[in-house]
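Heads up, the thing below is written out as structure tokens.
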Amino acid sequence: MARKLAAGNWKMNGLKASLTEATALAEMFPAPSVDILLCPPFTLVGAMADALSGSKVAVGGQDCHTNSSGAHTGDISAEMLVDAGCGYVILGHSERRADHGETDALISAKTVAAIEAGLVAVVCVGETLEQREAGETLAVIRSQLAGSLPDSVDLAKLVIAYEPVWAIGTGKIPTLEQIAEVHDDMRATLSDRFGGGAADIPLLYGGSVKPTNADEIFATSNVDGALVGGASLKAADFSGIVTALENA
Ligand code: PGA
């Protein structure tokens, strides 16, 4: 059985004052039955990790470089994230694939770097609306999984997030049947490649997850949690999603 994970992706949102949302969340879940993660922008990673130290809410980055240090202006390494108190990093989010031209090969190299540094890699995949309408969804997801994951990956340090690009920040979500179809196919694809250990990889759904739709999403086949953008910014919203996952 895969561990359950409620992960929040703050994207390019949050100033120092927002740390109170993180501490409020931690206070609501002193002994959660699921894993909880917040990924703030880099400017807040260290401060959030300090504020949450000793709590049950983990902190992660939203990207990392493939190298551990060097002449890469503006980049952050996995080693730096660990040093700042992170346990996780999101890799290959569709916004990074689109805004920064990240390829599957680059994401695979980042996954290697992240896991070598000791982080859990949350690797994102997802189809565009055009790809879904062309009937290419499963082929796109299989191809992204094939290219974005290194052969040598430590399965205990891997989380996959299925995030249909057209569902992110739009309020639209796939039908539960569509989510199940992709998640079941991802489990089968990962099992074919990595063997029985793939059963333990948490498979998150992401894209317009809210407290109001979390229950039904978490009841869906092979959904082990969520990667949440907008609804992770406020403890009052995210706590509803965490509770739904605890009750699933
Ligand atoms: P959303 O974002 O919850 O705001 O749709 C999800 C994500 O991109 O991780």
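Throughout, read-outs are computed from the coordinates displayed, never taken from laboratory work. Nothing here was measured: the structure is a model prediction, and the numbers come from that model. No Cβ is skipped: glycine too gets one built from the backbone with ideal geometry, and neighbour counts run over all protein chains shown.
Computed values, structure above
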item: Residues being part of a helix (DSSP H, G or I) and either surrounded by 20 or more Cβ atoms within 10 Å (Cβ to Cβ) or within 9 Å of the ligand (Cβ to nearest atom) (or both) - total across the range 166-178; result: 2
item: Subset of the range 1-25 (residues that are buried (at least 19 other Cβ atoms within 10 Å of the Cβ) and part of a helix (DSSP H, G or I)); result: GLU21, ALA22, LEU25
item: Any hit, the range 179-199, residues being under 30 Å from MET48 (Cα atoms) and either assigned to a helix (DSSP H, G or I) or away from the ligand (no atom under 16 Å from the Cβ) (or both); result: no
item: Residue count for the range 200-236, restricted to those that are of a type in the set (D, E, K, R), over 21 Å from VAL89 (Cα atoms) and more than 10 Å from the ligand (Cβ to nearest atom); result: 2
item: Extreme residue, farthest from the chain's Cα centre (by Cα), among residues of the range 77-113 that are assigned to a helix (DSSP H, G or I), among the small types (Gly, Ala, Ser) and within 16 Å of the ligand (Cβ to nearest atom); result: ALA98
item: Filter result (out of contact with any Asp or Glu (no Cβ under 8 Å at 6 or more places or on another chain) and either without any contact (Cβ under 8 Å) to a residue 24 or more places away in the chain or part of a helix (DSSP H, G or I) (or both)) within the range 119-140; result: LEU129, GLU130, GLN131, ARG132, GLU133, ALA134, GLY135, ALA139
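One line per residue, one yes/no per condition, for (1) among the β-branched types (Val, Ile, Thr); (2) without any contact (Cβ under 8 Å) to a residue 12 or more places away in the chain; (3) buried (at least 24 other Cβ atoms within 10 Å of the Cβ):
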position: GLY207; (1), (2), (3): no, no, yes
position: PRO211; (1), (2), (3): no, no, no
position: THR220; (1), (2), (3): yes, no, no
position: VAL223; (1), (2), (3): yes, no, yes
position: ILE241; (1), (2), (3): yes, no, yes
